[in-house]
Amino acid sequence: MTLGVSWGALMKRIVGLNELRVNDIPYVGGKGANLGELTSAGFSVPNAFVLTTLAYDHFIEKSKILTKIGKELSSIKRDSDQTLTDASARIRSLFEQHEIPADLKKEILAAYADLFPKGKKGFVAVRSSATAEDLPDASFAGQQETFLNVSTPDDLIDKVRKCWSSLFTARAISYREKQGFAHDQVKLAVVVQRMVNSDASGIMFTVDPNSGKDDIIVEAGFGLGEAIVGGEVTPDTYTINKGHMEIVKKRIATQKWKYTKGADGTTEKTDVQKEQQKAQKIEDRFIIEVASVGRQIEIHYERPMDIEWCIEDNKVYIVQARPITAVGSVSNETASESAEGADIVTTGLGASPGLATGTVRFYDDGMSLDIVKDGDVLVTTMTMPDMVPAMSRAVAIVTDEGGMTCHAAIISRELGTPCVVGTGDATSTLKDGMIVTVDGTAGVVYMGDIVRTNGMKEETHIVAAPKAPTTGTKVMVNLSMPNKAEEVAKLPVDGVGLMRSEFLFTNYIGEHPQHVIAQGRSEELVNKLAEGIGKVARAFYPRPVILRTSDFKSNEYRDMKGGIDYEPMESNPMIGWRGCSRYVSDNYREAYMCELRAIKKVRDEMGMKNVWIMLPFVRTVEEVEEITEMMRSVGLRRGKDLKLYFMAEVPVNIFMADEFCKYCDAFSIGSNDLTQLVMGADRDSDILGRMGYFDERNEGVKRAISHLIRVAHEHNVPVSICGQGPSVYPEFTEFLIREGIDSVSLNPDTVIKTKTMIASVEQKVILEGIKQLRSGQ
């Protein structure tokens, strides 16, 4: 599947940044794809090349270690950190035992030489870039390894191999399990980037990650950025008003040491001069410059971003950018406002909002992570990536060091765990076994259980859920990952407008459905699908969950375990054997029947009658009639509590809307596929995209949407849209509202903004109508 790379680049094992775009995550991982996007957009990014997932696959294939990796993963026992650690060590040893194939090694060294002027020696950073990394809904912060100041060919080859093996560190394995990513679906690319010998470095968020306020948060420290990213030092924190680009707050931290490049090229820890230890880390002019670059990156990505930056010789460089994966919201009542008389034990930065009480459990290097039990408050100097299993069990986290963007802060926000960082004294002030209350919003740790004592409500937040205006247009949410359902359900939405079932196959099952059936495991397939669907349905009950049944393309199915035996090689899978045409095929029918049985199980046995069905890529009335009969054969009949939706994404749905209306209860416009087929423009074509052909705002696409809404409403059939257009283009949203769209389904991070936009447009339309009535028109 080509996602924005240049012609022929998809088959390369090594590519330059200028060949990559943000959609290339499956090929070069999150870090590589985002660096390519930044480079193409003109931002100042140190030169680099990327070993793609093809290079990783080549090594795995030649070393023949895949089966052994699977065996080690299966040996891990649930809730046993020791078996996890042991399996990880054995897997990493497998990588160390095998050399990188000679042909690939030659390509790597040639690309390395090209980074520097001929004959010159240079230093590089070797960074892991996982294909599930830096996604909009999971940051995978610190899960794989980075190596700095690599300067020799042999060392480079060794560090590439170590990066690959870090895909199977104990922390990475545990985190994938926690986030619901199948191990065999995540691969590793490697970014080899020219080192910047930074005088100062840091991280910034283009919104406040703790409160959700629209301020830019810049953190800065002396030297290389790894000390800040790892939470080893507490950085300065500067707050910049985004509207006026003015510094409105500074928190200056003491920094006694920094990482620098030593005389021999290795990374070393050096003392900060005494007179500089309490000084502001960068001048105000650089704070504003860094923040301005961050704002431009946010505008480019059209979403809040988490950005790593550095300064060398007064020049600002961007070394990483990714979407912010979790933003908190400040509740109206914090512990500090209601805990009058309570004893404060320590204070720091509120890094992940919420309020929790538990028993202090001190952790230091060398201890077993098993000492941290469910409900404990984890107290440590700083968290490291391999501590994720323990962090997942903790009810709150408190650290001596770190800032808003350190590992502890990022992971805590994703877990929804209250967190206070940068206290400076938590490990000496808090004692093992002590009962404390942690206020992650205000950054305060109190003695005792003030939640129970003062009658306060204990709560944590991940997805910001501020009050949103009421709208006449229903606002729903798109969802793929069942383990995110509980937090997303807190948003002010009317239900799930699009639940993609593909995630259930890739993460709950991990095998081609026909492969599972051929092994006599049909019931396992049904039960696993039902488990994932049920988790979402329970979280949103009684709000509807519209489940789109599977819409894999043949190339995507082929990549699944066992898929090669069942999938054809199609030259254009995007318009090939997909959607309804697959369901009615004799050689796939049984697999689709398992999906229908899973839906029946959720609705009847679990009592989740709020699960409705949506069919993708509908081409003919005849296939709809056949699928309806298949539904009836398992007891699924359209009625008051079971609605049948059709995705409207093929032009025939528009031309024959009056006929299709007889067979469905609603349409949901898939604007990406509809735009592709109306315009004859491959949605994955980087060339056509940049030329402006792929754009749902095109007049032809808008006319198709208008026609569908008009005809559907004539038959009393509502119309929704589940594409990204409404959350990206305000003018497109206004067009939809004026045309009478009944509902929109959005990605979680855009719900509040877009719902506010919809309310504004609706009010504008109402006022225009009033004016017309008053003028007698």
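With every protein chain present, what accessible area does Asp695 have (1.4 Å probe, heavy atoms only), rounded to the nearest 10 Å²?
30 Å²
Computed from the mean reciprocal separation of all distinct C-alpha pairs, what Kirkwood hydrodynamic radius does the chain have, in Å?
Over the chain, the inverse of the mean reciprocal pair distance is 27.8 Å.
Can you tell which of Phe123, Ile721, Ala356 lies farthest toward the positive end of the dipole of the chain, using +1 and -1 charges on the Cβ of basic and acidic side chains (Lys, Arg; Asp, Glu)?
Projecting each Cα onto the dipole axis, the largest value belongs to Ile721.
How far is it, in nm, from the label point at His707 to the one at Lys68 when both lie 7 Å from their Cα along the line to the Cβ?
6.0 nm
What is the magnitude of the charge dipole of the chain about its Cα centre, with +1 placed on the Cβ of each Lys and Arg, -1 on the Cβ of each Asp and Glu, and no other charges, expressed in debye to the nearest 20?
Its charge dipole is roughly 660 debye.
Looking at the square roots a ≥ b ≥ c of the eigenvalues of the Cα gyration tensor of segment 530-590, which shape do they give, rounded for a/c under 1.5, prolate if a/b is larger than b/c, or oblate?
prolate
For Thr429 and Asp158, compute 0.36 nm times the residue count separating them, minus their Cα-Cα distance, and round to one decimal in nm.
93.3 nm
Using the charge dipole of segment 566-622 (Lys, Arg: +1 at Cβ; Asp, Glu: -1 at Cβ; taken about the Cα centre), state which of Val611, Gly576, Tyr588 has its Cα farthest towards the positive end.
Val611
Within the set Lys64/Lys106; Lys31/Lys120; Lys640/Lys764; Lys105/Lys281; Lys242/Lys764, which residue pairs have Cα atoms separated by over 30 Å?
As for pairs spanning more than 30 Å Cα to Cα, those are Lys640/Lys764; Lys105/Lys281.
Indicate the gyration tensor shape class of segment 646-777 (rounded, prolate or oblate), computed on the Cα atoms with a ≥ b ≥ c the square roots of the eigenvalues: a/c under 1.5 is rounded; otherwise a/b larger than b/c is prolate and the rest oblate.
Because a/c hits 1.5 or more and a/b fails to exceed b/c, segment 646-777 counts as oblate.
Is the shape of segment 706-777 rounded, prolate or oblate, going by the alpha carbon gyration tensor and its root eigenvalues a ≥ b ≥ c, with a/c under 1.5 for rounded and a/b larger than b/c for prolate?
oblate
Ignoring everything except DSSP H segments at least 4 long, calculate the 222 nm mean residue ellipticity for the chain; use -39,500 (n - 2.57) per segment, divide by total residues, nearest 500.
Computed mean residue ellipticity for the chain: -10500 deg cm²/dmol.
Taking the alpha-carbon distance from Lys474 and a cut-off under 13 Å, which aspartates and glutamates remain once sequence neighbours fewer than 8 residues away in the same chain are dropped?
Partners within reach: Asp494, Asp742, Glu762.
Using the structure shown, list the pairs from Lys12/Lys62; Lys12/Lys118; Lys553/Lys609; Lys249/Lys755; Lys258/Lys278 with a Cα-Cα distance above 19 Å, or answer none.
Lys12/Lys118; Lys553/Lys609; Lys249/Lys755
Label point 7 Å out from Val621 along Cα-to-Cβ: which residues of segment 693-711 have amide N under 20 Å?
Within reach of a label on Val621, which here means backbone N under 20 Å from a point 7 Å along Cα→Cβ, segment 693-711 contributes 707-711.
With charges only on Cβ, +1 for K and R and -1 for D and E, what is the dipole size of segment 545-597 about its Cα centre, in debye, rounded to 20?
160 debye
Which residue, Pro304, Asn555, Ala87, has the largest displacement toward the positive end of the dipole of the chain when charges sit on each Cβ (Lys, Arg +1; Asp, Glu -1)?
With unit charges placed on the Cβ atoms, the residue in question is Asn555.
Can you report the principal axis dimensions of segment 164-275 using only the alpha carbons, biggest first, rounded to whole angstrom?
47, 43, 23
Return the subset of Lys187/Lys535; Lys159/Lys269; Lys68/Lys528; Lys162/Lys373 for which the Cα-Cα distance in this structure is over 23 Å, preserving the input order.
Lys187/Lys535; Lys68/Lys528; Lys162/Lys373, as the Cα separations exceed 23 Å there.
Ordered by residue, what ³J(HN,Hα) values in Hz, to whole numbers, does segment 31-37 give under the Karplus form 6.51 cos²θ - 1.76 cosθ + 1.60, where θ = phi - 60° and Gly and Pro are x?
For segment 31-37, the Karplus-derived couplings read 5, x, 5, 5, 5, x, 4 Hz, x marking Gly and Pro.
So how strong a dipole does segment 531-636 carry about its Cα centre when Lys and Arg Cβ are +1 and Asp and Glu Cβ are -1, to the nearest 20 debye?
620 debye
For Ala351, enumerate residues with amide H under 5 Å from its amide H, sequence gap 5+ or separate chain, H modeled in the peptide plane.
Under 5 Å from the amide H of Ala351 lie the amide H atoms of Cys419, Val420, Val421, each far enough along the sequence or on another chain.
The values are calculated or read from the model by the stated rules, or taken from the named source; none is laboratory data. Values in this document were obtained by computation on a predicted structure and should not be read as measured data. Positions of Cβ are backbone-derived with ideal geometry, glycine not excepted, and every protein chain shown enters the neighbour counts. The area values use the complete protein model at the heavy-atom level, side chains included, leaving out ligands, DNA and RNA. Shrake-Rupley method; radii C 1.70, N 1.55, O 1.52, S 1.80 Å.
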